[in-house]
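These notes are about the structure you will find just below.
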Amino acid sequence: MNPDDETVYTLEVIASISGVDLETILHYQQQGLIRPLPESGNRFDDEALRTLRRIEHLRETCGVNETGLRLMLDLLDEVERLRE
Amino acid sequence: MSVEFKDYYAILGVPRDATADDIKKAFRKLARKHHPDVAKDKKTAEEKFKEINEAYEVLGDPEKRGKYDRLGMDWQHEGAAPPPGRGAAAHEFNFGGTGFSDFFEQYFSGASRYGFPGGMQGGAQARTGHFRGNDIEGDILVTLEEAMHGALRPVSLQMTDPQTGRAQTHTFHVRIPPGVTNGKRIRIPGQGEPGIGGGEAGDLYLRVRHAAHPDFTTQGADVFHELDIAPWEAVLGADISVPTLDGAVKLRIPPGSENGQQLRVRGRGLPMGKSGGRGDFHVVLTVQTPAHTTDEERTLWEKLRSVSRFNPRTQP
């Protein structure tokens, strides 16, 4: 069994896996909260899926609005960088 | 969970006050000796190589080394500080096969979880009573050879359910895609914490850590190699065979090369996704001077000194 190239998802697939609807994902994308892979024709990787799950968790469970989301995602990234 | 303390200084065979350079040299020497590609006993070498890598991952990083030195002093004391990111865990978990020891996993990896049951798609889940399990995150040590060609790695995840107290081990294979870069996360669906009320399990995210290599470092898909050259090779130029991740290449060192100068071999780095493209291979020249000289060599250097008009302190 040969390992394939890295996993990439279309918008529809990432919506299906995450349970987040297409319009919401596009909105997050427009806001710069998640980014597709460069030169991929709007395809996403596991990192984007992970960010999407984080966003949904912060929004649904913690009730964070979009301004708060941006701040918290930055802070979570900062924490990860410091722990590396 | 009890874990065995790892004496990283003993593993690299360096004293506790070793300089960063001593640590780097010790690592390179041991990594060359135990590299799975060159050692005769591959299984033993692989284990040893991972151990050396882990020690260098910590001692080769000033921040991690400082933390390790502090931790080392407190190790035998009861009530040592709890490892980061494991505070209010619903489940205890423990990785196997990631290339890092339990000790490293607990104290130096980014292993963590986030979210609460019901956190994802909360509204819908709360209505149905089905809650998706938490995602779990950890690190996986990937050799540059694995990053070059791709690999399948068996990984096990042991979780203890706090309600039943029973430990369950899941073993599965993780696909390392060719060209995977340092820091990239690989998602393994359904290998996170179990869901509640029939909800689906969370996912496992493993962050790729390139194993330190005795000859190469990486930056994205680009691979770097430090090449030691003699002063006359820098001045006169030379043709030198240089190792890459997929065989040696002949490299022409141009006359008048300088210390630290970089030469690029296009397309001999790591693969880049489905495009079929590859990163570049960069050779960083390091001019070495001989530590000892024979009488004859000394005479020749002295002759060079007397005839040369080169003065590095008056160059523009």
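The values are calculated or read from the model by the stated rules, or taken from the named source; none is laboratory data. What you are looking at is a predicted structure, and each value in this text was computed from that prediction instead of being measured. Note that each Cβ is placed from the backbone with ideal geometry, even for glycine, and that neighbours are counted across all protein chains shown.
Give the stretch A:8-35 a look and list any residue that's modelled with pLDDT of 90 or more, crowded, with 18+ Cβ neighbours inside 10 Å and not hydrophobic (A, V, I, L, M, F, W, C), or say none. Of everything in the stretch A:8-35, those that are modelled with pLDDT of 90 or more, crowded, with 18+ Cβ neighbours inside 10 Å and not hydrophobic (A, V, I, L, M, F, W, C) turn out to be A:TYR9, A:TYR28. Looking only at the stretch B:186-202, filter to residues that are free of Cβ contacts under 8 Å to residues at least 40 places away in the same chain and not in a loop (DSSP other than H, G, I, E, B); which one of those is surrounded by the most Cβ atoms within 10 Å (Cβ to Cβ)? Filtering first and then ranking leaves B:ARG187. Per the listing A:GLU39, A:GLU47, A:GLU56, the residue uniquely among the acidic types (Asp, Glu), within 12 Å of chain B (Cβ to nearest Cβ) and more than 27 Å from B:GLY190 (Cβ to Cβ) is A:GLU39. Would you mind stating whether B:VAL235 is under 24 Å from the mean Cα position of the chain (by Cα), surrounded by 12 or more Cβ atoms within 10 Å (Cβ to Cβ) and modelled with pLDDT of 95 or more? Considered against the rule, which asks whether it is under 24 Å from the mean Cα position of the chain (by Cα), surrounded by 12 or more Cβ atoms within 10 Å (Cβ to Cβ) and modelled with pLDDT of 95 or more, B:VAL235 comes out as no. Contact map, the stretch B:274-287: residues that are loosely packed, with under 14 Cβ neighbours inside 10 Å and at pLDDT 95 or above paired with residues that are of a type in the set (Ser, Thr, Tyr) and outside any strand (DSSP E or B), Cβ distance under 6 Å, separation 6+ or inter-chain. No pairs are found. Take the conditions (1) at pLDDT 90 or above; (2) surrounded by 10 or more Cβ atoms within 10 Å (Cβ to Cβ); B:ALA211 misses just one of them, which is (1). Scan the stretch B:241-269 for residues that are surrounded by 15 or more Cβ atoms within 10 Å (Cβ to Cβ) and without any contact (Cβ under 8 Å) to a residue 24 or more places away in the chain and jot them down. Within the stretch B:241-269, B:LEU263, B:VAL265 qualify. Restricted to the stretch B:35-66, and to residues there that are modelled with pLDDT under 85 and part of a helix (DSSP H, G or I), the residue that is surrounded by the fewest Cβ atoms within 10 Å (Cβ to Cβ) is B:LYS43. Residue count for the stretch A:15-69 under the criterion of being charged (D, E, K, R) and more than 12 Å from the chain's Cα centre (by Cα): the result is 6. Answer yes or no: is there a residue in the stretch A:64-84 that is under 23 Å from B:GLU137 (Cα atoms), within 11 Å of another protein chain (Cβ to nearest Cβ), of a type outside the set (Asp, Glu) and in a loop (DSSP other than H, G, I, E, B). Looking through the stretch A:64-84, none of the residues is under 23 Å from B:GLU137 (Cα atoms), within 11 Å of another protein chain (Cβ to nearest Cβ), of a type outside the set (Asp, Glu) and in a loop (DSSP other than H, G, I, E, B). Is it the case that the stretch B:158-171 has a residue that's surrounded by 14 or more Cβ atoms within 10 Å (Cβ to Cβ), touching a strand residue (DSSP E or B) at 6+ places or on another chain (Cβ under 6 Å) and within 9 Å of another protein chain (Cβ to nearest Cβ)? No, there is no match, as no residue in the stretch B:158-171 is surrounded by 14 or more Cβ atoms within 10 Å (Cβ to Cβ), touching a strand residue (DSSP E or B) at 6+ places or on another chain (Cβ under 6 Å) and within 9 Å of another protein chain (Cβ to nearest Cβ).
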